[in-house]
1. Only one of K107, K166 is part of a helix (DSSP H, G or I), of a type in the set (K, R), on the phi < 0 side of the Ramachandran plot and open to solvent by less than 50 Å² (accessible area, probe 1.4 Å); which?
2. Could you please find all residues in the stretch 38-65 being open to solvent by less than 20 Å² (accessible area, probe 1.4 Å) and either more than 23 Å from G153 (Cα to Cα) or at pLDDT 90 or above (or both)?
3. Considering only the stretch 116-163, state which residues are of a type in the set (A, V, I, L, M) and not in a helix (DSSP H, G or I).
4. Among the candidates I81, I122, which residue alone is over 25 Å from S15 (Cβ atoms) and either modelled with pLDDT of 80 or more or touching a Cys at 6+ places or on another chain (Cβ under 6 Å) (or both)?
5. Here are I119, I128, I161: which of them is closer than 25 Å to G197 by Cβ, surrounded by fewer than 15 Cβ atoms within 10 Å (Cβ to Cβ) and either within 17 Å of the chain's Cα centre (by Cα) or touching a residue at least 60 places away in the same chain (Cβ under 8 Å) (or both)?
6. Show the residue pairs meeting these rules: Cβ distance below 6 Å; 6+ apart or different chains; first residue within the stretch 15-40 and touching a residue at least 60 places away in the same chain (Cβ under 8 Å) and within 16 Å of F117 (Cα to Cα); second residue outside any helix (DSSP H, G or I) and open to solvent by 40 Å² or more (accessible area, probe 1.4 Å).
7. Quick one: would you say F113 is at pLDDT 85 or above, in a helix (DSSP H, G or I), over 26 Å from I77 (Cα atoms) and among the aromatic types (F, W, Y)?
8. What about I30, is it modelled with pLDDT of 80 or more and surrounded by 20 or more Cβ atoms within 10 Å (Cβ to Cβ)?
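The values are calculated or read from the model by the stated rules, or taken from the named source; none is laboratory data. What you are looking at is a predicted structure, and each value in this text was computed from that prediction instead of being measured. Cβ placement follows ideal geometry from the backbone for every residue including glycine, while neighbour counts extend to all protein chains displayed. All accessible areas refer to the heavy atoms of the entire protein, side chains included, with ligands and DNA or RNA removed. Shrake-Rupley method; radii C 1.70, N 1.55, O 1.52, S 1.80 Å.
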Amino acid sequence: MQYVIEGILMGLTLSILLGPIFIALTQSSIEKGYKAGLSVGLGIWVSDLLFIVLTYEFVHRITHIINGEYFQLSMGILGGIVLISFGLYSIFSKLKEFSADEIKGVKGYLGHFTKGFLINTINPFTFIFWISVISTYVLARNTTGWNSIAFLGSILVVIIITDSLKVLLAQLLRKKLTSTHMLWINRIAGIALTIFGILLIVWSI
């Protein structure tokens, strides 16, 4: 239970941070409905799961790469470009694209899944977070296999639950918004993503 509680607390701490992931979740839910928001969330969760597995298995081999100057620089620039691209698209998209219809079809779901996956994967904070957690809370403490699963699994479950709640809350807000409101929310979200992208590049340099 100790590892489960620690994992829950770690997941709750991560969930209250406001950043590009929060913007992507709520923006997609408000713009296209809760299914779009959950599709973005699914991309984020799959990305986190891959990070957990890969970091746990190869942390000794990749730590020096992650801590390398050129890796952080390239990932920071690439992540900034991805965020700026999503941001500019949201800012300059036309009003007719913002309807109250839910997304339909595999292509629509896959597009939102890819958005969530890319924003989370290209974000250097994701690398730093999972490597720090696994190095400090798992490997340094010689945590056994099942306890590691309990700890890391609890973090991931909390992230999934809190992200889903964010999507559902955004959906409730969406019902009270007109298309004009949704347009401006989308533009504000686009500006926020663009700012995050610019800051990410600046911090990396």
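1. On the way: K107 fails: open to solvent by less than 50 Å² (accessible area, probe 1.4 Å).
Within the list K107, K166, the selection yields K166.
2. Within the stretch 38-65, S39, V40, G41, G43, I44, S47, D48 meet the criteria.
3. Across the stretch 116-163, the qualifying residues are I122, A140.
4. I81
5. The unique qualifying residue is I128.
6. Once the first residue is touching a residue at least 60 places away in the same chain (Cβ under 8 Å) and within 16 Å of F117 (Cα to Cα) and sits in the stretch 15-40, its partners that are outside any helix (DSSP H, G or I) and open to solvent by 40 Å² or more (accessible area, probe 1.4 Å) give K35/E102.
7. Values: at pLDDT 85 or above: yes; in a helix (DSSP H, G or I): yes; over 26 Å from I77 (Cα atoms): no; among the aromatic types (F, W, Y): yes.
No: the conditions fail for F113.
8. Yes; evaluated as a whole, the condition is true for this residue.
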